[in-house]
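J.: Take this structure, written in structure tokens, and hold onto it; I'll ask about it next.
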Amino acid sequence: MSNPKTRRAQSIIKPDRDRRFVTEDNPFEAMMNRFDDAARRLNLEPGLYKVLRSPEKQIIVSVPILRDSGEIEVYTGIRVLHNTSRGPAKGGIRFDLAVTLDEVKALAAWMTWKCAVVNLPFGGGKGGVICDPTTMSAAELERLTRRYTAEIIEILGPDSDVPAPDVNTNERVMAWIMDTYSMHKGHTVTAVVTGKPVEMGGSLGRKDATGRGCLVVTKRALDRLGIPVEKAKVVVQGFGNVGSTAARLMAAEGMQVVAVSDKSGGIHDPKGLDIPKVIEWIKEHRFVEGYPGAERLTNEELLTLKCDVLVPAALENVITSKNAEKIKAKIICEGANGPTTAKADAILDKKGIFVIPDILANAGGVTVSYFEWVQDRGGYFWDEETVNERLEKIMVKAFDEVVAMAEKHQVSNRIASYMLAIDRVAAMHRMRGLYA
Ligand code: GLU
């Protein structure tokens, strides 16, 4: 839906030469592509453009740990702070073999835009350790987490950088980070991480928050498209914290969740799966594979099923120029970060699919992280009802603002969400001025 006229008139920003070699599935490229488009449309000053495209800090550390076998292994840890003009850097830490600096840079920038879309007083950061946590014992994971925390401790802090769970990390990992940081400081600092266990300063509702946010914006989108909630057929790719919660909450709301998947593949029942039963099955068997009474299908087949709502809630780059044409969903609610490539965006756009972009769709998690940080700092904790009510209010407002922006500028929801976010971050930079 881009308008070539405005594009030409506003293209003071020159294409970036460094990026001529990158490919469709480079997440930093995917982020920059949308950033460039939105920045051009906003007529962003070239100086601010340069500032906003550059991460503030990129830290790479070696993380040596003792394996249970008695051998020493050295892992690589990364933490990137993309922008902290609106507040402390906020963003998860992932433990995964696929972690790269480019990926973490993209994810950190996405956090900046995500926090700005939902108007939280946070900037964006992200971290990762290149490792395969499935091959590590709990004791090894604890040593890895504590040493990584110690290596990046200079930048951590409730006022500077506040991590949270992400791919393959959870509240137990957050508890170790909180403890390690607190030991170094000499006193307990709960607000240094979010997504902690509730007993140690975590927020009620945080675990479900990303999936709940997906539910809120999906309902809003169904309403816009005139599809009744009880008639909506939903397909969920990925059954981690985000996917499983979104599926559970959507099913509880009366939607028919017809297919779900994880690494082992997918299961499909056109009449709707019994999601609590699937969750029980996974608790016992780890994967959806073998779930009785449902048809099996691959992740690729699952993405192209006929449905009203597709929730990609796994990893980056699952909707690409290779399969976008075949997608039959009316709404895509991006539970994962970066599930759609920039090339695929154009195809989905042409097909008229209503995309709820990641930086809006999955912002429920960081929104309740914000609530957690506020509660920790205030030392006063809210009940779950209050958390969920406030989350819904923020998600609905952000959804409406993105859609209004898209209509006003005749752009996709994706570009609109970037425009909204960049505008807010840029406004902060203009007000603060440049320290030199
Ligand atoms: N990892 C989550 C995300 O990508 C949550 C980040 C946070 O709560 O800080 O949005």
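The values are calculated or read from the model by the stated rules, or taken from the named source; none is laboratory data. Everything numeric here is computed off the predicted structure, so don't read it as measured data. Here the Cβ is made from the backbone with ideal geometry for all residues, glycine too, and neighbour counts use every protein chain on show. Please note that ligands, DNA and RNA were not included when accessible areas were found on the heavy atoms of the full protein model with its side chains. Shrake-Rupley method; radii C 1.70, N 1.55, O 1.52, S 1.80 Å.
J.: Send over a whole-number figure in Å² for the accessible area per residue of the chain, probe 1.4 Å.
T.: Result: 43 Å² of accessible area for each residue.
J.: Here's another thing I want to ask about it. Give the relative contact order (percent, whole number) for region 226-349; include only Cα pairs under 8 Å separated by 6+ residues.
T.: 25 percent
J.: Given a 1.4 Å probe and every protein chain left where it sits, what share in percent of the accessible area of region 258-364 is carbon and sulfur?
T.: Accessible surface attributable to carbon and sulfur in region 258-364 totals 55 percent.
J.: Looking at this model, which pairs from LYS233/LYS351; LYS50/LYS105; LYS219/LYS351; LYS219/LYS306; LYS277/LYS322; LYS231/LYS277 are more than 24 angstrom apart at the alpha-carbon?
T.: In this structure, LYS277/LYS322 lie more than 24 Å apart at Cα.
J.: Moving on. Along its principal axes, what span do the Cα atoms of region 150-253 show, with the longest given first and each in whole Å?
T.: 55, 24, 23
J.: State the Cα centre-to-centre distance between region 358-383 and region 124-188 in whole Å.
T.: 19 Å
J.: Something else now. Kyte-Doolittle mean at least -1.0 and Cα extent at least 30 Å along the axis: which DSSP H helices of the chain qualify?
T.: Both cut-offs are met by 384-409.
J.: List the trypsin sites (Lys or Arg not before Pro) within region 315-406 that DSSP assigns to loop and that have no more than 14 neighbouring Cβ atoms inside 10 Å.
T.: In loop regions of region 315-406 (DSSP not H, G, I, E or B), the sparsely surrounded trypsin sites (Lys or Arg not before Pro) are LYS322, LYS328.
J.: First select every other residue whose beta carbon is under 13 angstrom from the beta carbon of LEU81; then total the charges, Lys and Arg +1, Asp and Glu -1.
T.: Taking every Cβ under 13 Å from that of LEU81, the sum is +2.
J.: In the full protein assembly as shown, how much of SER62 is accessible to a 1.4 Å probe, in Å² to the nearest 10?
T.: 70 Å²
J.: Normalised by the number of residues in the chain, what is the relative contact order in percent for Cα pairs under 8 Å and 6+ residues apart?
T.: It comes to 17 percent, rounded to a whole number.
J.: Okay, next question. What part of the accessible area of region 106-188, given as a whole %, is carbon or sulfur when the probe is 1.4 angstrom?
T.: 49 percent
J.: Can you pull out the chymotrypsin sites (Phe, Trp or Tyr not before Pro) in region 348-436 that DSSP calls coil and that have at most 15 other Cβ atoms within 10 Å?
T.: TYR380, TYR435
J.: Over region 113-266, what relative contact order in percent results from Cα pairs under 8 Å that are six or more residues apart?
T.: Once divided by the residue count of region 113-266, the mean separation gives 14 percent.
J.: What 222 nm value per residue comes from the helices of the chain, counting each DSSP H run with n ≥ 4 as -39,500 (n - 2.57) and dividing by all residues, nearest 500 deg cm²/dmol?
T.: -14000 deg cm²/dmol
J.: Just to confirm the filter: which GluC sites (Glu not before Pro) across region 207-299 are DSSP coil and have at most 16 other Cβ within 10 angstrom of their Cβ?
T.: Qualifying residues, ordered by number: GLU253, GLU289.
J.: Using a 1.4 angstrom probe on heavy atoms only, work out the carbon and sulfur share of the accessible area of region 385-426 in %.
T.: With neighbouring chains kept in place, the figure for region 385-426 is 48 percent.
J.: Mind ranking THR84, THR112, THR23 by accessible surface for me, highest first, 1.4 Å probe?
T.: THR23, THR84, THR112
J.: Would you list which lysines come within 25 Å of LYS185, measuring only between C-alpha atoms, while excluding same-chain residues fewer than 8 positions from it?
T.: Candidates past the 8-residue exclusion: LYS57, LYS90, LYS126, LYS196.
J.: Here's something else I'd like to know. Checking the cross-link filter: which aspartates and glutamates have an alpha carbon closer than 13 Å to that of LYS114, excluding same-chain neighbours under 8 positions apart?
T.: Once the sequence-local aspartates and glutamates are set aside, what remains near LYS114 is GLU334, ASP358, ASP423.
J.: Another question, if that's okay. Counting every Cα pair in the chain, what percent are over 41 Å apart?
T.: Looking at the chain, the distances longer than 41 Å represent 12 percent of pairs.
J.: Using a Gaussian network model of the chain with C-alpha springs under 10 Å, which one of ILE347, ILE93, ILE332 is most mobile by mean-square fluctuation?
T.: Between ILE347, ILE93, ILE332, it is ILE347 that shows the largest mean-square fluctuation.
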